Structures are given as C-alpha cells and as structure tokens.
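What follows is a single structure, written as structure tokens, with notes after it.
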Amino acid sequence: MPFGVLGLTTKETSQESIDDIDEVEDDDQKNVLLSIISSLRPGSDLSRITLPTFILERKSMLERITNQLAHPELLLQAHSSDDMVDRFVNVVRWYISGWHITPKAVKKPLNPVLSEHFTCHWTFEDGTKAYYISEQTSHHPPKSSYFYMSPENHIRIDGTLIPRSRFLGNSAASIMEGVAYLTFLDREDIRGATETYELTQPNMYARNILIGKLKYELGDHSFVKCLGNDLMADIEFKVKGFISGTYNAIQGKIMRISSGDILYEITGKWNELMEIKDVRTGKKSVFFDSSKAKPVFPIVRPLSEQEPLESRRLWKKVTDALANRDHNTATNEKYLIEENQRQEAKKREEEGVEWHPRFFTEVPLPLEWKIHKEITGAPEEQAKQILSIVPILEGQSVSHEFDIPSSHES
C-alpha cells in the first residue's frame, strides 16, 4: 500500500503563505515585554494578558494542531502492521514526528475566538482522503477541540487541547492539558475492543523573555497509552539545565503496563535525529530523522469560500500585517476581532441566548468535546457524513443548521 501523499494543489494550501517571518530580536521588543510583565508574579495566568503582536505566529491554534498530523505516511504505516507491538511503536514514532515543525522564531499561535473553526483535508496517493474539523469550544479557559478521520483507512482522532499559560520569571510556559484519542476502527485489542490510543502533549516554554536570547523548548512528560494492549510509552522532553544538558533532548521508553517491562528505549533530539533501541536485542536504529522528513501540510478551501469565523479569513488582516511587520495595524485589527467577540457575548447575555459550539457536543472528561455527528457505516457513507457537518472541500456550500441565534444576526 503506498504511503505517500499528493502535493498541494492551490495557493491556499501553501505553507509559505502562512509561514512566520523570523523577527530580529531587539531592545525595543524586550522593553515592550518588560513593561507588560514587570508587574506579574511568577505563576500568574497569562491567558488574559494582551501580548505584543511581534511574538504572534501567523497561524491560529486550531490550524497549529495540524502540525501534529503532517506526517500521515507514518500513521498509515502504523495502522498497516498486523503486530500489535509494532503498531504501537509506529504510533509513537508518528506521534513524536510532528514536534520538529515550529516557527523560525519564538512565536505564540493566535488565540482562537469562540466559535472560530478551521477545516482542511489531505489526499493520499491511492486517492483516499483524511478530513479535519476543529472549533474553539471555550474561550476562558481556552479549549480547542478537533476531529480527524480517514474513512477508507479506518483511522480516527478525537481531541481537545487546553493550553494554560503561566509566567515563570524569565520564562513563560504553556501547560498543554487535554487529551486525544487515536482509534484504529478496524482493529481489535487483546480484550476484543476497538484499538484505541490515548495521547497527551508535552508542555511548551519560551525562555529568556527578559534577559538573554529568546529560546523555545518542549518540556516534561507526555504519554501514549493503549490500555487494551497493555502498552505505554513515557516520553520525556528534557529541558536544558542552567549549567549542564542540551536543548531539545528526548528520552523515552515503551513498556508493558502490567509488568513494567521495558521493550524499547528512545533517545536523541526531537527536532533532529531520534534513535530507538530494542532492549531485548540491544540493537539500535534510526527512529525519526527530521532532516529527511517532508511534512505534508493540508489542503485548505480558498478564502473566498470561507465563512467569517473560519481561521484564515478571520485573522487575514492580522496575519497580512504581521507578514509586513506592520505591528500597529496587526494590533488594531486584532483588537477589532476581540472587541467584536466581547460585543457578541454581551448581546447573547442581554437576549438570554445560550452559546454552544456548532460542530462539537459535550462528553465526559477527559475528552470534554466530541464531533456532534455519529460517523457510521461504510467508508463512502462516513465521508458523506463528515462533509455534511461543515464545508471541507473546495466548492462545498455552507450549512447554517447549527448557527447560534442572534450571535451573527443584527
């Protein structure tokens, strides 16, 4: 089975169109940051602090999540294996493959506004597709919910990401709470249930925000678990110490949950080369080499077809200004978007209208939100059901079935 992915076909799909300009760090920028955070105490919540636009990525968090889906060939390879341990190892490889995709400079993705959504798709060489739907399901605290599915390949992902920003002195942290569930719909675990993997994320740190050169780090532990097959991976993203250590180091182990027996060990750098060692044989091999990897970014509908609250259309004036390093315009346009959100919330409160997500419905913790439509039947039927939720492909018409009364009417 071919695991390649077709090239991008319209200018809306080009990663360069939303890639980040590598800002040159200067004293004025540091002074702006210092003036904003000088009154904060370590541990303070940054989610309600208005940060300067020069640290913003030209991408909403809803789109930023797709970085983790940019190596679909590895996910397809994992699914194709008939050995459950081999499948698990390849799921782990796919899971850590997307972390090397980062902005050129230390950047923070745009905070999605309530009801903002982003959709896209991938087309594989064999003609099969994968679809992605995401929506901001909460603003305070921010919660980004997403759904990914490739019906013909029997792969589904449901997730909710809950970043919590904290000021740590000379660093800022994004504590990445939330969980995602990867499901291989046509495979059963050893208990006879549908094979499911639980995924959590490492935390993100911006170092030296006041003194020194700005540096981006991933840190702490993330986990991949398949409880039904008694397998777990504990992946530690190691932060550099004050005196010793190195940036971007990773160390992990794949083990049996019940016995604690370690099957594989993972070492290296998450943004460069990682190796895996079979503990039983002692054999080492390349696990993932980012220098040879070719991320596949999704196909996005043209801006002319997008709704006002779709990410790229919503933030276009902001991201265009950021591309031109016009931070006054970026700040003003960002303010207009956020002020409109405040007025929408005020209007709903006055009219007694309860807000709800358009595409997701509440489910028990830890997932919290799941795509509202049940996706069932043969792959062809599943694809039709997915496309009936919201436009994903170019040329699709928009349905307003789940609009919130009065939130977009005047």
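The values are calculated or read from the model by the stated rules, or taken from the named source; none is laboratory data. Just so we're clear, the structure is a prediction, and the values are computed from it rather than from any experiment. Every residue, glycine among them, receives a Cβ derived from its backbone with ideal geometry; neighbour counts consider all protein chains shown. Just the protein is used for accessible areas: all its heavy atoms, side chains included, with ligands, DNA and RNA removed. Shrake-Rupley method; radii C 1.70, N 1.55, O 1.52, S 1.80 Å.
Could you please find all residues in segment 331-343 being buried (at least 16 other Cβ atoms within 10 Å of the Cβ) and without any contact (Cβ under 8 Å) to a residue 60 or more places away in the chain? Once the filter is applied, which keeps residues that are buried (at least 16 other Cβ atoms within 10 Å of the Cβ) and without any contact (Cβ under 8 Å) to a residue 60 or more places away in the chain, segment 331-343 yields only Glu333.
Close Cβ contacts (under 6 Å, 6 or more residues apart or on different chains) running from residues in segment 344-370 that are touching a residue at least 24 places away in the same chain (Cβ under 8 Å) and over 17 Å from Glu116 (Cβ atoms) to residues that are open to solvent by 70 Å² or more (accessible area, probe 1.4 Å) and assigned to a loop (DSSP other than H, G, I, E, B) comprise Val353/Pro405.
Taken over segment 265-275, the criterion of being under 11 Å from His100 (Cα atoms) and part of a strand (DSSP E or B) is satisfied by Lys269, Leu273.
Answer with yes or no whether Lys253 is free of Cβ contacts under 8 Å to residues at least 40 places away in the same chain, surrounded by 14 or more Cβ atoms within 10 Å (Cβ to Cβ), in a loop (DSSP other than H, G, I, E, B) and touching a Phe, Trp or Tyr at 6+ places or on another chain (Cβ under 8 Å). Talk me through it step by step, then tell me what you get.
Numbers: free of Cβ contacts under 8 Å to residues at least 40 places away in the same chain: yes; surrounded by 14 or more Cβ atoms within 10 Å (Cβ to Cβ): yes; in a loop (DSSP other than H, G, I, E, B): no; touching a Phe, Trp or Tyr at 6+ places or on another chain (Cβ under 8 Å): yes.
It is false that Lys253 is free of Cβ contacts under 8 Å to residues at least 40 places away in the same chain, surrounded by 14 or more Cβ atoms within 10 Å (Cβ to Cβ), in a loop (DSSP other than H, G, I, E, B) and touching a Phe, Trp or Tyr at 6+ places or on another chain (Cβ under 8 Å).
Out of the residues in segment 273-299 that are in contact (Cβ under 8 Å) with a residue 60 or more places away in the chain and over 16 Å from Gln68 (Cα atoms), state the one that is farthest from the chain's Cα centre (by Cα).
My answer is Ile276.
For segment 284-297, give me each residue that is exposed (fewer than 15 other Cβ atoms within 10 Å of the Cβ), touching a strand residue (DSSP E or B) at 6+ places or on another chain (Cβ under 7 Å) and of a type outside the set (S, T, N, Q).
Our first condition is that a residue be exposed (fewer than 15 other Cβ atoms within 10 Å of the Cβ); within segment 284-297, this holds for 284-286, 289, 291-292, 294.
Of the ones still in play, those that are also touching a strand residue (DSSP E or B) at 6+ places or on another chain (Cβ under 7 Å) are 284-286, 289.
Passing the criteria: Lys284, Val286, Asp289.
Quick check on Ile262: is it more than 18 Å from Pro72 (Cα to Cα) and surrounded by 18 or more Cβ atoms within 10 Å (Cβ to Cβ)? It is false that Ile262 is more than 18 Å from Pro72 (Cα to Cα) and surrounded by 18 or more Cβ atoms within 10 Å (Cβ to Cβ). Given the structure, is Ile243 assigned to a strand (DSSP E or B) and among the β-branched types (Val, Ile, Thr)? Considered against the rule, which asks whether it is assigned to a strand (DSSP E or B) and among the β-branched types (Val, Ile, Thr), Ile243 comes out as no.
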